[in-house]
Amino acid sequence: MPERRTVALVTLGCARNEVDSEELAGRLAADGWELVENASDADVAVVNTCGFVEAAKKDSVDALLEANDLKDHGRTQAVVAVGCMAERYGKDLAEALPEADGVLGFDDYADISDRLQTILNGGIHASHTPRDRRKLLPISPAERQDAAVALPGHAQVAAPAPADLPEGVAPVSGPRAPLRRRLGTSPVASVKLASGCDRRCSFCAIPSFRGSFVSRRPSDVLQETRWLAEQGVKEVMLVSENNTSYGKDLGDIRLLETLLPELAEVDGIERIRVSYLQPAEMRPGLIDVLTSTPKVAPYFDLSFQHSAPGVLRAMRRFGDTDRFLELLETIRSKAPQAGARSNFIVGFPGETEADLAELERFLTGARLDAIGVFGYSDEDGTEAVGYENKLDADVIAERLAHISQLAEELTSQRAEERLGESLQVLVESVDPTEDEPRAVGRAAHQAPETDGQVLFTGREGLVPGRMVEAKVVGTEGVDLVAECSELAEAAR
């Protein structure tokens with residue numbers, strides 16, 4: 001009998017990283033590794049890092065150090081870094097953080113089992129030299145589909161035949177479809193539409209380590225969605241760095257409008273949610289599909305970042321307060337209950353008090369359901385690092401605190417506007433351990449992790465994965481308190 005090998009995956013960062021972790025889990029399970037939930041129970045702890053902003057990178061380093069501590073008093077023998085920070089810094093991270101026994105980039109994912117076995121046996125795998133992954137793919141989007149470049153979520157290696165796969169591992173459906181193994185039991189799961197980004201925002205380093213934009217083929221997205229439905233998933237969230245660009249490298253920039261109704265027809269799926277939309281690329285046809293297709297959530301995760309024209313131009317972005325408000329008005333004219341959220345950066349180089357006031361004007365008029373606010377910080381390799389008129393750290397901190405407080409007040413007010421609304425809510429959890437156990441779910445305007453949630457007044461008849469009709473009777477900040485009217489029809 002083969003020696004028992006155990007591995008735990010610790011995931012930080014966004015939903016795209018969660019999908020990557022489940023792809024790694026699928027590869028490892030297919031090669032005989034036993035997946036365990038806790039790093040302390042694993043021979044190898046694999047930390048899927050985030051490399052987006054300084055706070056996320058610090059969290060990743062902390063997670064690696066915490067896993068390393070397990071080697072002194074637990075089963076853990078090796079700690080390995082994967083993910084965006086590992087890809088972005090490669091050998092530089094390995095040298096700066098000797099506590100990590102290995103730093104693996106995206107090119108190592110296809111051979112993840114061999115890499116971990118080598119490290120577990122005491123061997124050394126040389127980490128890659130950091131590079132700009134945009135340069136690995138053709139400039140023309142139409143020429144990227146057949147490029148032999150490692151793209152998480154777009155596996156291009158031979159895999160075991162479906163009959164050889166262990167239970168719970170997704171079969172390969174095409175040359176770019178990865179193996180996948182779910183790491184939890186949530187009724188919500190993400191599916192990648194694409195990888196990479198062709199935009200050149202002056203503050204963002206993601207394209208340099210995630211690469212240029214490459215769509216997944218609709219057949220692969222459909223196959224993965226069907227498999228997730230078989231695993232009990234009820235809601236699928238479509239993720240990528242920019243979903244509004246989906247299909248441009250496949251010859252059809254409107255491919256998402258065609259794909260969404262097909263995904264909504266998958267047996268067992270109750271809701272399809274689209275995230276990461278670029279305001280400048282929103283099309284009337286896409287708005288129509290998102291606001292009128294049964295089972296497709298009228299949910300708009302719009303990447304505004306700011307609303308003052310001067311700041312947006314310095315960010316290499318487009319739009320302004322009035323245009324953004326018009327976009328939101330158009331959406332709500334078609335679906336009054338539509339959800340809208342966004343993230344914003346304050347303290348960008350050159351941002352004036354007038355610019356900040358313009359952002360406040362937008363936020364006050366936008367009626368967003370969820371708002372994320374970040375203070376600007378220099379990111380290696382970005383254009384903004386070389387900008388003049390940098391703001392002092394204390395000014396950025398002051399503006400961050402001010403806008404964050406405003407955002408909290410505005411989102412609480414938006415929640416109160418929903419009092420009396422009837423919502424379709426997907427029950428996500430029912431905690432039986434509390435003194436007053438509470439069922440928790442999410443409505444169409446609430447995405448996992450980033451937005452608010454629905455707190456039920458009772459839990460009778462509520463189980464995770466059920467879609468129910470509920471009426472909003474109260475609020476707790478951004479969260480809604482609702483009573484269940486009746487169980488929704490299964491296919492609603």
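The values are calculated or read from the model by the stated rules, or taken from the named source; none is laboratory data. This one's a predicted model, so the numbers in the text were calculated from it and none came from an experiment. Methodologically, a virtual Cβ is constructed for each residue, glycine included, from the backbone with ideal geometry; neighbour enumeration extends over all protein chains shown. Just so you know, the surface numbers come from the protein's heavy atoms only, side chains and all, with ligands and any DNA or RNA stripped out. Shrake-Rupley method; radii C 1.70, N 1.55, O 1.52, S 1.80 Å.
Evaluate segment 354-363: report whether one residue or more is within 25 Å of Arg88 (Cα to Cα) and of a type in the set (Gly, Ala, Ser).
The first filter runs over segment 354-363 and keeps only residues within 25 Å of Arg88 (Cα to Cα), leaving none.
No.
Got at least one residue in segment 233-247 being open to solvent by 20 Å² or more (accessible area, probe 1.4 Å), out of contact with any helix residue (DSSP H, G or I) (no Cβ under 7 Å at 6 or more places or on another chain) and either in a loop (DSSP other than H, G, I, E, B) or over 25 Å from Val430 (Cα atoms) (or both)?
Yes, there is a match, as at least one residue in segment 233-247 is open to solvent by 20 Å² or more (accessible area, probe 1.4 Å), out of contact with any helix residue (DSSP H, G or I) (no Cβ under 7 Å at 6 or more places or on another chain) and either in a loop (DSSP other than H, G, I, E, B) or over 25 Å from Val430 (Cα atoms) (or both).
Identify the residue in segment 46-79 that is of a type in the set (A, V, I, L, M) and within 22 Å of the chain's Cα centre (by Cα) and, among all such residues, is most open to solvent (accessible area, probe 1.4 Å).
It comes out as Ala55.
Every residue in segment 80-113 that is open to solvent by less than 20 Å² (accessible area, probe 1.4 Å), farther than 23 Å from Asn38 by Cβ and either free of Cβ contacts under 8 Å to residues at least 24 places away in the same chain or part of a loop (DSSP other than H, G, I, E, B) (or both), please.
Gly105
Give me the pairs, please: first residue somewhere in segment 334-347 and under 13 Å from Arg414 (Cβ atoms), second residue anywhere and of a type in the set (Phe, Trp, Tyr) and in a loop (DSSP other than H, G, I, E, B), beta-carbon distance under 6 Å, and either six or more positions apart or on two chains.
Within 6 Å, the pairs are Ser342/Phe304.
Mind checking which residues of segment 127-151 are open to solvent by 80 Å² or more (accessible area, probe 1.4 Å) and either among the polar types (S, T, N, Q) or closer than 25 Å to Asp92 by Cβ (or both)? Write out each step before concluding.
Initially, segment 127-151 is screened for residues open to solvent by 80 Å² or more (accessible area, probe 1.4 Å), giving 129, 131, 135, 139, 143, 146, 148.
Within segment 127-151, Thr129, Arg131, Lys135 qualify.
So how many residues does segment 1-56 have that are part of a loop (DSSP other than H, G, I, E, B) and closer than 22 Å to Glu87 by Cα? Working first, answer last.
Pass one, segment 1-56, residues part of a loop (DSSP other than H, G, I, E, B): 1-5, 12-14, 31-33, 36-38, 42-43, 50-53.
After this cut, where a residue has to be closer than 22 Å to Glu87 by Cα as well, the list is 12-14, 50-53.
Residues in segment 1-56 being part of a loop (DSSP other than H, G, I, E, B) and closer than 22 Å to Glu87 by Cα: 7 in total.
If the Cβ limit is 7 Å and pairs must be 6+ apart or interchain, which residue in segment 283-305 that is closer than 13 Å to Ala443 by Cα and among the charged types (D, E, K, R) pairs with which residue that is at pLDDT below 95 and open to solvent by less than 30 Å² (accessible area, probe 1.4 Å)?
Going by the 7 Å Cβ cut-off, there are no qualifying pairs.
Rundown of residues vs (1) under 28 Å from Met467 (Cα atoms); (2) without any contact (Cβ under 8 Å) to a residue 60 or more places away in the chain; (3) not charged (D, E, K, R), yes/no style:
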| position | (1), (2), (3) |
| --- | --- |
| Leu228 | yes, yes, yes |
| Gln231 | yes, no, yes |
| Val236 | yes, yes, yes |
| Val239 | yes, no, yes |
| Gly247 | no, yes, yes |
| Pro261 | yes, yes, yes |
| Asp267 | yes, yes, no |
| Glu270 | yes, no, no |
| Arg273 | yes, no, no |
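Kindly indicate whether Ala29 is among the hydrophobic types (A, V, I, L, M, F, W, C) and either in contact with a helix residue (DSSP H, G or I) (Cβ under 9 Å, 6 or more places away or on another chain) or open to solvent by less than 40 Å² (accessible area, probe 1.4 Å) (or both).
Answer is yes for this residue.
Six or more apart or on different chains, Cβ under 9 Å: which pairs go from a residue in segment 4-18 that's more than 11 Å from Val47 (Cα to Cα) and open to solvent by less than 30 Å² (accessible area, probe 1.4 Å) to one that's of a type outside the set (D, E, K, R) and part of a strand (DSSP E or B)? Could you list them?
Between residues of segment 4-18 that are more than 11 Å from Val47 (Cα to Cα) and open to solvent by less than 30 Å² (accessible area, probe 1.4 Å) and residues that are of a type outside the set (D, E, K, R) and part of a strand (DSSP E or B), the close pairs are Thr6/Leu35; Thr6/Val44; Ala15/Ser190; Ala15/Met237; Ala15/Val239; Arg16/Ser190; Arg16/Ser195; Arg16/Val239.
So, of the residues in segment 231-266 that are closer than 23 Å to Ala170 by Cα and acidic (Asp, Glu), which turns out to be nearest to the chain's Cα centre (by Cα)?
Here the residue is Glu235.
Among the candidates Glu408, Glu416, single out the residue that is closer than 20 Å to Ala470 by Cα, open to solvent by 60 Å² or more (accessible area, probe 1.4 Å) and part of a helix (DSSP H, G or I).
Result: Glu416 is the single residue among Glu408, Glu416 that is closer than 20 Å to Ala470 by Cα, open to solvent by 60 Å² or more (accessible area, probe 1.4 Å) and part of a helix (DSSP H, G or I).
Check Phe324 against each of (1) among the aromatic types (Phe, Trp, Tyr); (2) over 23 Å from Ser412 (Cα atoms); (3) in a helix (DSSP H, G or I) and name the one condition it does not meet.
If we test Phe324 against (1) among the aromatic types (Phe, Trp, Tyr); (2) over 23 Å from Ser412 (Cα atoms); (3) in a helix (DSSP H, G or I), just (2) comes out false.
Suppose we filter Gln305, Gln278 for residues that are touching a Cys at 6+ places or on another chain (Cβ under 8 Å), open to solvent by less than 50 Å² (accessible area, probe 1.4 Å) and closer than 23 Å to Asp451 by Cβ; which single one remains?
Gln305
Would you check which residues across segment 436-469 are part of a loop (DSSP other than H, G, I, E, B) and of a type in the set (Gly, Ala, Ser) and list them? Give the steps one after another, and end with the answer.
Step one: list which residues in segment 436-469 are part of a loop (DSSP other than H, G, I, E, B), which gives 436-438, 443-453, 457-466.
Matches in segment 436-469: Ala443, Ala444, Ala447, Gly452, Gly458, Gly461, Gly465.
Step by step: first the residues of segment 327-352, then only those that are assigned to a strand (DSSP E or B) and open to solvent by less than 30 Å² (accessible area, probe 1.4 Å), then the one that is nearest to Asp394 (Cα to Cα). Which residue is that?
Val346
Since Lys71 meets every condition but one in (1) in contact with a Pro (Cβ under 8 Å, 6 or more places away or on another chain); (2) closer than 21 Å to Arg5 by Cα; (3) of a type in the set (Lys, Arg), which condition does it not meet?
Here Lys71 clears every test but (1).
Would you mention how many residues in segment 114-146 are outside any helix (DSSP H, G or I) and acidic (Asp, Glu)?
2
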